[in-house]
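Read through the structure below, which is laid out as structure tokens, and then see the notes.
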Amino acid sequence: MKKLMVLTLVFMLAACGSTPDKQQNDKEDNGSYTQDDLDKDTEGVYRPSDPGKDDDGVEKGTRDKPTRDGTVENKPDDKKEEPKSDPKTNPDPKVENPKEDPKKNPDPKRDPKTEPKEDPKKDPDPKVDEPKKDRTPVITSFISRVSSRMDELENSKLWKDFLKAKEKFDDRVDKGLEKSRDDKGKDAEAAWANAIQSWYEVRYVYELFLHVNWKASKDFAPGAGLNFDDLQQYTDEELNSADCVHTYAAYELAEPEMKEVRQFQTDILKYDLVAGKVFTDAKQEKKWADEKKKWQDATEGKFDDKDIKKYRE
């Protein structure tokens, strides 16, 4: 439309600017209006740079055309294609994930070089129970050897002297009980004083018997009993040791005899009025002072050298 108006204006200017003589000459020369005539007449007039677009730069045929009722029919805008990105210049990190170099970043879970090796010797599987060693032969042998050694110790001089001291103590206790029933006076006190003196004597001989017959190491602890279950606490080395057998036999032989000796303090000195009175009397204590001192030293490992030489085999 604008182009048509421009052409019309050009023709009007050309007509006004031309003289009748020139128009007459032109008609006479050519007889028609040529393209050269148009270019000369329209020199300096605006023309669109792109012939495929209207004067306002809009492509031809893209404007909305009015409908019959005068409204403009809007066409849906065509979706413009987004420019495709060049993977070389602008790679999409969501599409292409960079591959990890296994040499630079190895997976410790899959790399056997980085996995710590388990030492089966240091960390055995606790779920797997090792088969228990059958200790029946070594324990049975220990019991048999201890019993045999007890028979041998019963024939020793020290054991016989221990039994004499024990028998003397029992006799004096019986006399003290008898005097307490019949007489509450000086005779009963004297009987209990003698019994207390023998009580310290037999206790000393017991300590001496264990000391002379102690062949095992100092940390060896006898007294579990001669039965299979209790002897499980000892090692095979201890059960096979001849020194442990000898020590255990001496303890098993003397310990039962000491039961009545220990009951003298808990049953008689505590509940018998006369015996308790004598035991706490400072004057009466002089009668058994020497025996008490020897026993106290023996409990600390101190013995008379003459006694050691007398009974040392």
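The values are calculated or read from the model by the stated rules, or taken from the named source; none is laboratory data. Everything quoted here is computed from the prediction, not taken from an experiment. Every residue, glycine among them, receives a Cβ derived from its backbone with ideal geometry; neighbour counts consider all protein chains shown. When the accessible area is computed, the model is the full protein with side chains, heavy atoms only, and any ligands, DNA or RNA have been set aside. Shrake-Rupley method; radii C 1.70, N 1.55, O 1.52, S 1.80 Å.
Results, tabulated for the structure shown:
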item	result
Subset of the stretch 194-220 that is surrounded by 13 or more Cβ atoms within 10 Å (Cβ to Cβ) and among the small types (Gly, Ala, Ser) - its residue that is farthest from Ser147 (Cα to Cα)	Ala195
Subset of the stretch 277-313 [within 20 Å of Gln265 (Cβ to Cβ) and among the hydrophobic types (A, V, I, L, M, F, W, C)]	Val278, Phe279, Ala282, Trp288, Ala289, Trp295, Ala298
Leu177 being of a type outside the set (Val, Ile, Thr), open to solvent by 60 Å² or more (accessible area, probe 1.4 Å) and within 59 Å of the chain's Cα centre (by Cα)	no
In the stretch 221-252, the residues that are farther than 24 Å from Glu207 by Cβ and assigned to a loop (DSSP other than H, G, I, E, B)	Asn227, Phe228, Asp229, Thr235
Those residues of the stretch 296-313 which are open to solvent by less than 50 Å² (accessible area, probe 1.4 Å) and not hydroxyl-bearing (Ser, Thr, Tyr), in sequence order	Asp297, Ala298, Gly301, Phe303, Asp307, Ile308
Pair list, Cβ < 7 Å and 6+ apart or interchain, from the stretch 235-247 residues that are among the β-branched types (Val, Ile, Thr) to residues that are in a helix (DSSP H, G or I)	Val245/Phe142; Val245/Arg145; Val245/Val146; Val245/Arg149
Given (1) under 28 Å from Asn155 (Cβ atoms); (2) open to solvent by less than 30 Å² (accessible area, probe 1.4 Å), index of the condition Glu255 fails	(2)
Test: residue in the stretch 299-310 that is touching a residue at least 12 places away in the same chain (Cβ under 8 Å) and aliphatic (A, V, I, L, M)	yes
Matching residues, the stretch 279-295, being out of contact with any Phe, Trp or Tyr (no Cβ under 8 Å at 6 or more places or on another chain) and open to solvent by less than 50 Å² (accessible area, probe 1.4 Å)	Gln284, Ala289
Scan of the stretch 173-218 for residues that are closer than 24 Å to Glu300 by Cα and hydroxyl-bearing (Ser, Thr, Tyr), ordered by number	Ser198, Tyr200, Tyr204, Tyr206, Ser217
In the stretch 195-219, the residues that are of a type in the set (A, V, I, L, M), in a helix (DSSP H, G or I) and within 52 Å of the chain's Cα centre (by Cα)	Leu208, Leu210, Val212
Extreme residue, farthest from Glu189 (Cα to Cα), among residues of the stretch 286-313 that are acidic (Asp, Glu), at pLDDT below 95 and part of a helix (DSSP H, G or I)	Asp305
The stretch 259-278: number of residues that are out of contact with any Asp or Glu (no Cβ under 8 Å at 6 or more places or on another chain), open to solvent by less than 70 Å² (accessible area, probe 1.4 Å), assigned to a helix (DSSP H, G or I) and not small (Gly, Ala, Ser)	3
Where a residue in the stretch 136-147 is touching a residue at least 40 places away in the same chain (Cβ under 8 Å) and its partner, wherever it lies, is of a type in the set (S, T, N, Q), with Cβ under 9 Å and at least six apart	Val138/Asn240; Ile139/Gln232; Ser141/Asn240; Phe142/Asn240; Ile143/Asn227
Filter result for the condition that a residue is farther than 23 Å from Trp295 by Cβ, of a type in the set (A, V, I, L, M, F, W, C) and out of contact with any Ser or Thr (no Cβ under 9 Å at 6 or more places or on another chain), over Ala224, Ala216, Ala249, Ala254	Ala224
